[in-house]
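Peer 1: One structure is given below, represented as structure tokens, and several questions about it will come after.
Throughout, read-outs are computed from the coordinates displayed, never taken from laboratory work. These numbers come from a predicted model, not from an experiment. Positions of Cβ are generated from backbone atoms using ideal geometry, with glycine treated the same way; all protein chains shown enter the neighbour counts.
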Amino acid sequence: SVTPAVDSSGVLRDRAPEPAAVSASSLRSSAAAAAAARLVEKKDDSEEPGKAVVAVAAASRSFRLRNLRRSLEGEQVAAGWPSWLSSVAGEAIQGWIPLKADSFEKLEKVGQGTYSSVFRARDLDTGKIVALKKVRFDNFEPESVRFMAREIQILRRLDHPNVMKLEGLITSRLSCSLYLVFEYMEHDLAGLCSSPDIKFTEAQVKCYMNQLLSGLEHCHSRRIVHRDIKGANLLVNNEGVLKIADFGLANYFDPSKNHPLTSRVVTLWYRPPELLLGSTHYDSAVDLWSVGCVFAELFRGRPILQGRTEVEQLHKIFKLCGSPADDYWKKSRLPHATIFKPHCPYLKN
């Protein structure tokens, strides 16, 4: 289907129109008046006069915010966004206008995931080859849309030569799917690493690691933790440029706040010990463990810690790096510390 309301060039506009202002008269005639009437009905002589003013002001602010949200959502729908998306992910798409579906020609499917597919496609307006990531939503489930909205919001905050940049969005008013438009990258690091015909030199490893760490530093400086660094999510083009991709598990972190995060992240072979032990309070360090696993993989040509279960993965780590002392296990409050503790301590190899 063709999504309307794009500019003549077929690319995203920088800004959407500003939301329409809410008139003062409508505020007085609805929220403020209603709040004042409720206060008068109480007829409580002991009520302080100042409380009535505060209540009226609060009601007015609440009314104004509700109308502002409705106005923004209405403008997004008018701009071409479907209501099922704008009602849940309004903040993520604010200021953007969807690209036209018929501006792209699918060439071939190059990847398949649980909830998404990736296609190599051609931009018919420019001739540029791009990657289209199609995300499916079952029955417009709001929670899955919010999950996708977070990824879009995170991608929009990032701007670095070693991080995949979101170039646009394609959607439909009817179908429950969304396409994310990215630059096309010919390879991923896992595929190159596992190829029997490729053996990276030390200079190549340094080059890839420098790009990976540079892109990751950019993410962390914006308090974004990727939570799924692995070779398959590190894309490489024919010029040797590496870019971090797939921010589906990414989230914000704030060391100054005690907000718990799920430990069920990071692909098993690249998952750090603290997550295997069930920690829900962590930061960018989990990405750095994964980077170390990728670093070793570039030299070995295969993942170095290939556990089949969480317990086996943790014991492979202990076998390579050594296990914590008994005092650690006695003091640890991590959920899996008791059941995952090795019967005999491992010494560092």
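Peer 1: Quick one: order 184, 346 by neighbouring beta-carbon count within 10 Å, fewest to most.
Peer 2: 346, 184
Peer 1: Something else: Choose one of 101, 179, 160: the residue whose Cα lies farthest towards the positive end of the charge dipole of the range 101-183 (beta-carbon charges +1 Lys, Arg; -1 Asp, Glu; about the Cα centre).
Peer 2: The residue sitting most towards the positive pole is 160.
Peer 1: Mind checking which lysines have their Cα closer than 24 Å to the Cα of residue 230? Skip sequence neighbours fewer than 8 apart in that chain.
Peer 2: Those lysines meeting the cut-off are 109, 133, 134, 165, 199, 206, 243, 316, 319.
Peer 1: Sticking with this one: Where the only charges are on Cβ atoms (+1 Lys, Arg; -1 Asp, Glu), what is the dipole of the range 187-331 about its Cα centre, to the nearest 20 debye?
Peer 2: Computed charge dipole of the range 187-331: roughly 200 debye.
Peer 1: Taking the number of other C-beta atoms within 10 Å as the exposure measure, put 310, 151, 143 in order starting with the fewest.
Peer 2: Ascending Cβ contact count within 10 Å gives the list 143, 310, 151.
Peer 1: Using Cβ contacts closer than 10 Å as the measure, can you line up 226, 343 from fewest to most?
Peer 2: Ranking 226, 343 by Cβ neighbours within 10 Å, fewest first, gives 343, 226.
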